[in-house]
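Encoded as structure tokens, the structure appears first; notes follow it.
Every number in this text was worked out from the coordinates using simple rules, so none of it is lab data. Small disclaimer: the values here were computed from a predicted structure and weren't measured. When we count neighbours, we look across all protein chains shown, and the Cβ atoms used for this are built from the backbone with ideal geometry, even at glycine.
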Amino acid sequence: MSTDEFATYDAAYVLGALSPTERVAYEAHLTGCPSCSGAVTELAGLPGLLAKVALEEVTAPPADPLPETLLPGLLREVGARRRRRRRVAALSAAAAAVVIGVGAGVLGSSLASEGPSARTPVAAAAAPRHDLVAVVPSPVTASVAMVPMGWGTRLDLSCEYYTEPGSGSATPREYTLVVHNRTGRSQQVAAWLAPPGKRLSLTAASSWHPQDIADVEVQTPSGKALLRFPN
């Protein structure tokens, strides 16, 4: 049984179902928890996949009754996948400890001989990071990396909301991340509450591939564009 109080937050976070307070706490937790960070990465494509499902397909009654064994089977599969993920994380941590104990020379040769994995922070770091430029004056700055995936694009956003010294304003502000494609359509892929003076990192997902994305915007909840990266 996991003692991590955030162990079940991954799906709700990716789907935007957490409250602003829960989202801020979970994002702070992600910076120091490889297990939860890996779970979010695995689920990052879920919003894009769900966007492709027509509402009629979801609300229509099933043609045949669902077998009674379906839910227990799904739960067993989810449990097995999470156990496998925890075992891989534990083995990776043990291997890292051994490498560090041997010395810097062995560490350097290990890194040189091993190619980047598509599921590790090394791959995310290899994606170019772009600063979003101000559309109108605002107290928020941000940068984004667009990582191509088989199902679309993972967007790794880093943002900071600052206040002027002595202003006395410490109220968190809400922002949304919106992408537009080259045909004029838009997708809201994330929403968050930014406390002043803290840099936040979050992961979002779009079903569009990077070459189909025209721009990425940070907006207010009312839809006012504050920052933009023209792709």
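Just a few scattered comments:
- Nitroxide proxy distance, nm - points 7 Å out along Cα→Cβ at Ser19 and Thr183: 4.0
- Rounded to the nearest 20 debye, dipole of the stretch 121-230 from Cβ charges on Lys, Arg, Asp, Glu: 100
- Over the stretch 121-230, equivalent-ellipsoid semi-axes from the Cα gyration tensor in Å: 25, 16, 11
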